[in-house]
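Since every read-out is calculated from the coordinates, none of them should be taken as a lab result. Fair warning: this is a prediction, and the values are worked out from it, not measured in the lab. Neighbour counts are summed over all protein chains in view; Cβ atoms, including those assigned to glycine, are modelled from backbone coordinates with ideal geometry.
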Amino acid sequence: MNYCIIGAISYLLFLIYDVNEIKKIHRVLKLTFVLGIILQISATIGIFYSNLSNLIISGFGIVISLFGLVFLIYSLFFALPFEENYIKVEEIRKVYNRGVYAMSRHPGVLFYIIFFIGLTILEPTIIAISTYFIWSLLNITYIIFQEMWTFPRTFVDYETYRQSTPFLIPTIKSINSSIKNI
């Protein structure tokens, strides 16, 4: 269960990062985001490796987990214009509402959950299932915090984005918009 705790700590670090981005507490706290990602990846690898004896080779599980992982990485690090979002952060920021961000305001969460569903198919143990479930709930809690506190303070047009794009679950209309705006 140590891996579950390590992964859960990553969400605390993400919260610290968000608060620091708004309140500008200290520059060193910018590192909490990277540290959170490192903890999340390490814990995921750790729990997967510790359950290898329960591994079920399943093409379906492999495809689901790879699909989720590829689109999770794409959503978080490649779908957004990198320089504008991570390097040259403007004082007045507007949302990015193209591609997967036209489909859902938080597409990374969907792909995160899909990734863990795939891993659950590959290693259906109580520890793995409960850990992935807890992390998914923490992720959803984190995006609710972002919805209510971080993003309205970060993006001048976030309210308009809320009205035009679904929170989490895509609609036919938002999927079509996503495809048209790639």
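Using the Cα atoms of segment 1-117, I'd like the radius of gyration and the largest Cα-Cα distance, Dmax, both in angstrom.
In order Rg, Dmax, the Cα atoms of segment 1-117 give 16.3, 51 Å.
Of the trypsin sites (Lys or Arg not before Pro) in segment 92-175, which ones lie in a loop per DSSP and count no more than 14 other C-beta atoms within 10 Å?
Within segment 92-175, the qualifying trypsin sites (Lys or Arg not before Pro) (loop, at most 14 other Cβ atoms within 10 Å) are LYS94.
Taking a quarter of the surface of the convex hull around the Cα atoms of segment 54-180, what do you get in nm²?
Directional mean of the projected Cα hull area for segment 54-180 stands at 8.6 nm².
Between PHE78, PHE145, PHE155, where does the largest GNM mean-square fluctuation fall for the chain, given springs only between Cα atoms within less than 10 Å?
Residue with maximal mean-square fluctuation among PHE78, PHE145, PHE155: PHE78.
Residues with beta-carbon under 14 Å from that of PRO170, excluding PRO170: net charge, scoring Lys, Arg +1 and Asp, Glu -1?
Counting the neighbours of PRO170, the net charge comes to +3.
If neighbour count is taken as other Cβ atoms inside 10 Å, put HIS106, HIS26 in order from fewest to most.
The most exposed by this proxy come first: HIS26, HIS106.
Which is the longest run of the chain containing none of the GluC sites (Glu not before Pro) found in DSSP loop states (not H, G, I, E, B) with at most 15 other C-beta atoms within 10 Å? Mind dumping the intermediate values first?
Details: sites that count: GLU90, GLU91.
Of all site-free stretches, the longest is 92-182.
Tell me, in nm to one decimal, what length is gained between THR141 and PHE67 on full extension, where the rule is 0.36 nm per residue of separation less the Cα-Cα distance?
This chain segment gains 24.3 nm when fully extended.
Between ILE126 and HIS26, 0.36 nm times their residue separation minus their Cα-Cα distance comes to what? Working shown, then result.
On the way: separation 100, 0.36 × 100 = 36.00 nm, distance 4.00 nm.
The span from ILE126 to HIS26 would gain 32.0 nm if fully extended.
For every helix of n ≥ 4 consecutive DSSP H residues, a contribution of -39,500 (n - 2.57) applies; sum these over the chain, divide by its total residues, and give [θ] at 222 nm rounded to the nearest 500 deg cm²/dmol.
When only DSSP H runs of four or more count, the value is -20500 deg cm²/dmol.
Can you tell me which of PRO170, PRO152, PRO81 moves the most in a GNM of the chain? Springs connect C-alpha atoms under 10 Å apart.
PRO81
Using only alpha-carbon positions, what ratio does the radius of gyration of segment 14-54 give when scaled by 2.2 N^0.38 Å?
So segment 14-54 has a normalised radius of gyration of 1.60.
To the nearest 20 debye, what is the magnitude of the charge dipole of the chain about its Cα centre, counting +1 on the Cβ of each Lys and Arg and -1 on the Cβ of each Asp and Glu?
300 debye
Using the count of nearby Cβ atoms within 10 Å as a rough guide to exposure, how do TRP149, TRP135 rank from fewest to most? Walk me through the numbers on the way to the answer.
On the way: TRP149 14, TRP135 23.
Fewest to most other Cβ atoms nearby, the residues stand as TRP149, TRP135.
Over the chain, with a Gaussian network built from C-alpha contacts below 10 Å, which listed residue (SER75, SER50, SER65) shows the highest mean-square fluctuation?
Top of the fluctuation ranking is SER50.
Pairs of lysine in the chain with Cα under 23 Å and at least 8 positions apart or on different chains: total?
Lysine pairs, 8 or more places apart or on different chains, close enough: 8.
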